[in-house]
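**Q** Got a structure for you, written out below as structure tokens; questions coming shortly.
The values are calculated or read from the model by the stated rules, or taken from the named source; none is laboratory data. Note that this is a predicted model, so its numbers are computed, not measured. For neighbour counting, all protein chains shown are included, and Cβ atoms are generated from backbone atoms with ideal geometry for every residue, glycine included.
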Number of protein chains: 4
Amino acid sequence: MKITFEELRHFLEVQFPQGASYGTLQKLGDGWAEMKLNVDEEHLRPGGTVAGPAMMGLADVTMYAALLSRIGLVPLAVTTNLNINFLRKPVAHAPIWARATMLKVGRTMGVGEVFVYSEGVEEPVAHSTMTYSIPPEK
Amino acid sequence: MKITFEELRHFLEVQFPQGASYGTLQKLGDGWAEMKLNVDEEHLRPGGTVAGPAMMGLADVTMYAALLSRIGLVPLAVTTNLNINFLRKPVAHAPIWARATMLKVGRTMGVGEVFVYSEGVEEPVAHSTMTYSIPPEK
Amino acid sequence: MKITFEELRHFLEVQFPQGASYGTLQKLGDGWAEMKLNVDEEHLRPGGTVAGPAMMGLADVTMYAALLSRIGLVPLAVTTNLNINFLRKPVAHAPIWARATMLKVGRTMGVGEVFVYSEGVEEPVAHSTMTYSIPPEK
Amino acid sequence: MKITFEELRHFLEVQFPQGASYGTLQKLGDGWAEMKLNVDEEHLRPGGTVAGPAMMGLADVTMYAALLSRIGLVPLAVTTNLNINFLRKPVAHAPIWARATMLKVGRTMGVGEVFVYSEGVEEPVAHSTMTYSIPPEK
């Protein structure tokens, strides 16, 4: 692993001025990461459930964490494609978790998948795949 | 058109307790909608640019608006699939605009596409397609 | 499981007049399926590798098989969305395998994911997610 | 435009040993292309309609043509992501057409969208977006 859990957690806090509104890092391995989002009013939508964008934001940042575990602290790695299927209605006020796993990390591109869960529920609420573009080293 | 601009703008304000953080409705037609997001600190990401989730949130709500122009004020229409390609780096502090157009509105499902722009720039910064599930009428 | 391996293999042979050009069923479980495609000239593309459409066709039919394991022999279940990431160059003349797993099977819709492999190679060559629409029972 | 219609039509015929089974080039412009597939038995599926993989194959090759109009005859440009929404049932024995338009052509990557139609029907039967990876020049 190119970075430690503490290094990445600190990096994410510095880079994202929004603080914990995208979620916080919980676990980190070689090519995978887990993050958690404490759902509050700003994350809800009509129907009393978690808004899609809150799940997409959490999925996106969790994939970013999984990618950085492999390539180190590269701020300018950016998402180029994201696909997400919303599978089940999340529990309205329970935290949501995301677990991202890299499927490939190449020289210029990383692809991975993310499962999103409501805390305490076994079946996933969403599943996403993403491509990140990795900037060339100077 | 099943609803007026004013009805939808009011509906969105009531339904989304987050206020303007997903964007505000600018124009509405039969099967299409335009929304605008005033980008501030909460929407930025490393690299001094607009965060992907801010663009995804705007795209998602704009498609919701375009769909409701056809089916009326159905709060429980929900996104089931979203795919987005990020094409160019948005201007950091310029507002972003989204224009959504429905490709199909069936009885149980609506599919459409959204272009996202930085204000004042002709080339799109992102392009998204989405599927919404329409709940059965009672 | 709603059907047996033999029933499904026979059903696929009857329904697809193209015979084995999409692949043949190898294994079937509750909510999953494996199929294999013997790659020949018609499946190749510039660069001496397996064409994307051959992998997409195999992935699509394998997901169909996985879905039918749950809902029975429903010919009119149709794909509504397919997303695929091509991860690595397949071996040109080796067979390709697909393994599909359902993530959700609802009343009107099934969502699943498929990994595609070159025979004998551990890392996947492609990963796909799909939504199938399930027609209402008469 | 980097190539002529005749150059590309000849290139596609040489590169794809399958002949016209993916479709034939009809029109070519700067950043766009149109292709047509004469549907026969090999392209059908249960329900008496055009198989998804036939539409995906046509969409994929049409995007390849649109990309090559911008970058010239680069055989090793390959699809890295494809997303497709199937919107309506195609007419079973009518030809299908695809029109691809590039949304961005960068140095290493091209992104575009494709509409697929049944001949003589105005509403599209499918809509696809794709990313092509462009190999570095030697």
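**Q** Consider region B:13-53. How many of its residues are in a loop (DSSP other than H, G, I, E, B) and either under 22 Å from residue B:89 (Cβ atoms) or not polar (S, T, N, Q) (or both)? Steps first, please.
**A** Here is the first cut: in region B:13-53, the ones in a loop (DSSP other than H, G, I, E, B) are B:16-18, B:23, B:30-31, B:38-40, B:46-48, B:51.
The next check asks that each one be either under 22 Å from residue B:89 (Cβ atoms) or not polar (S, T, N, Q) (or both); those that pass are B:16-17, B:23, B:30-31, B:38-40, B:46-48, B:51.
Summing the residues that are in a loop (DSSP other than H, G, I, E, B) and either under 22 Å from residue B:89 (Cβ atoms) or not polar (S, T, N, Q) (or both) in region B:13-53 gives 12.
**Q** Filter region D:116-132 down to the residues that are closer than 15 Å to residue D:52 by Cβ and part of a loop (DSSP other than H, G, I, E, B), then identify the one that is nearest to the other protein chains (Cβ to nearest Cβ).
**A** D:124
**Q** Report yes if some residue within region C:101-115 is out of contact with any Lys or Arg (no Cβ under 8 Å at 6 or more places or on another chain), under 19 Å from residue C:39 (Cβ atoms), within 14 Å of chain A (Cβ to nearest Cβ) and at pLDDT 95 or above; otherwise report no.
**A** Checked against the condition, which is being out of contact with any Lys or Arg (no Cβ under 8 Å at 6 or more places or on another chain), under 19 Å from residue C:39 (Cβ atoms), within 14 Å of chain A (Cβ to nearest Cβ) and at pLDDT 95 or above, region C:101-115 yields no hits at all.
**Q** Here are B:90, B:75: which of them is out of contact with any Pro (no Cβ under 6 Å at 6 or more places or on another chain) and part of a loop (DSSP other than H, G, I, E, B)? It would help to see each step written out before you state the result.
**A** Details: B:75 fails: out of contact with any Pro (no Cβ under 6 Å at 6 or more places or on another chain).
Residue meeting the stated conditions: B:90.
**Q** Give the residues of region A:33-42 that are surrounded by 20 or more Cβ atoms within 10 Å (Cβ to Cβ) and out of contact with any Leu (no Cβ under 8 Å at 6 or more places or on another chain), sorted by residue number.
**A** If the condition is that a residue be surrounded by 20 or more Cβ atoms within 10 Å (Cβ to Cβ) and out of contact with any Leu (no Cβ under 8 Å at 6 or more places or on another chain), then A:39 is the only one that fits.
**Q** Looking at residue B:58, is it within 15 Å of the chain's Cα centre (by Cα), aliphatic (A, V, I, L, M) and over 15 Å from residue B:126 (Cβ atoms)?
**A** no
**Q** What do you reckon, is residue A:101 within 24 Å of residue C:112 (Cα to Cα), among the hydroxyl-bearing types (Ser, Thr, Tyr), surrounded by fewer than 21 Cβ atoms within 10 Å (Cβ to Cβ) and in contact with a strand residue (DSSP E or B) (Cβ under 7 Å, 6 or more places away or on another chain)? Explain how you work it out, then say what you get.
**A** Working: within 24 Å of residue C:112 (Cα to Cα): yes; among the hydroxyl-bearing types (Ser, Thr, Tyr): yes; surrounded by fewer than 21 Cβ atoms within 10 Å (Cβ to Cβ): yes; in contact with a strand residue (DSSP E or B) (Cβ under 7 Å, 6 or more places away or on another chain): yes.
Here the answer is yes, as residue A:101 does meet what is asked.
**Q** Which of the numbered conditions does residue A:65 fail, given that it passes all the others? Conditions: (1) part of a strand (DSSP E or B); (2) more than 8 Å from chain B (Cβ to nearest Cβ); (3) hydrophobic (A, V, I, L, M, F, W, C).
**A** Of the numbered conditions (1) part of a strand (DSSP E or B); (2) more than 8 Å from chain B (Cβ to nearest Cβ); (3) hydrophobic (A, V, I, L, M, F, W, C), the odd one out for residue A:65 is (1).
**Q** Looking at C:101, C:129, C:108 in this structure, which one is touching a Phe, Trp or Tyr at 6+ places or on another chain (Cβ under 7 Å) and not aromatic (Phe, Trp, Tyr)? Let's see the steps before the verdict.
**A** Details: C:129 fails: touching a Phe, Trp or Tyr at 6+ places or on another chain (Cβ under 7 Å); C:108 fails: touching a Phe, Trp or Tyr at 6+ places or on another chain (Cβ under 7 Å).
Within the list C:101, C:129, C:108, the selection yields C:101.
**Q** Just one of (1) of a type outside the set (Val, Ile, Thr); (2) at pLDDT 95 or above; (3) assigned to a helix (DSSP H, G or I) trips up residue C:57, so point out which.
**A** So residue C:57 meets the others, but not (2).
Matching residues to (1) surrounded by fewer than 23 Cβ atoms within 10 Å (Cβ to Cβ); (2) in contact (Cβ under 8 Å) with a residue 60 or more places away in the chain; (3) more than 16 Å from the chain's Cα centre (by Cα):
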| residue | (1), (2), (3) |
| --- | --- |
| B:4 | yes, no, yes |
| B:15 | yes, yes, no |
| B:29 | yes, no, no |
| B:44 | yes, no, yes |
| B:85 | no, no, no |
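**Q** Now, a different point. Name, by its number, the condition in (1) farther than 24 Å from residue C:113 by Cβ; (2) touching a strand residue (DSSP E or B) at 6+ places or on another chain (Cβ under 6 Å) that does not hold for residue D:93.
**A** Checking residue D:93 against (1) farther than 24 Å from residue C:113 by Cβ; (2) touching a strand residue (DSSP E or B) at 6+ places or on another chain (Cβ under 6 Å), the one that fails is (2).
**Q** Going residue by residue through region C:37-47, is there one that turns out to be within 15 Å of residue C:115 (Cα to Cα) and more than 11 Å from chain D (Cβ to nearest Cβ)?
**A** Checked against the condition, which is being within 15 Å of residue C:115 (Cα to Cα) and more than 11 Å from chain D (Cβ to nearest Cβ), region C:37-47 yields at least one hit.
**Q** For region C:9-29, enumerate the residues that are more than 9 Å from chain D (Cβ to nearest Cβ) and in contact with a helix residue (DSSP H, G or I) (Cβ under 6 Å, 6 or more places away or on another chain).
**A** C:23, C:25, C:28
**Q** For residue A:56, state whether it is under 25 Å from residue C:109 (Cα atoms), surrounded by 21 or more Cβ atoms within 10 Å (Cβ to Cβ) and either among the aliphatic types (A, V, I, L, M) or free of Cβ contacts under 8 Å to residues at least 24 places away in the same chain (or both).
**A** yes
**Q** With respect to residue C:73, determine if the residue is in contact with a helix residue (DSSP H, G or I) (Cβ under 6 Å, 6 or more places away or on another chain) and either facing chain D (nearest Cβ under 8 Å) or of a type in the set (A, V, I, L, M) (or both).
**A** Answer is yes for this residue.
**Q** Sort out which residues of region D:82-96 are away from chain B (no Cβ under 11 Å), in contact with a helix residue (DSSP H, G or I) (Cβ under 8 Å, 6 or more places away or on another chain) and more than 18 Å from residue C:76 (Cβ to Cβ), and write them in order of number.
**A** Within region D:82-96, just D:96 meets the criteria.
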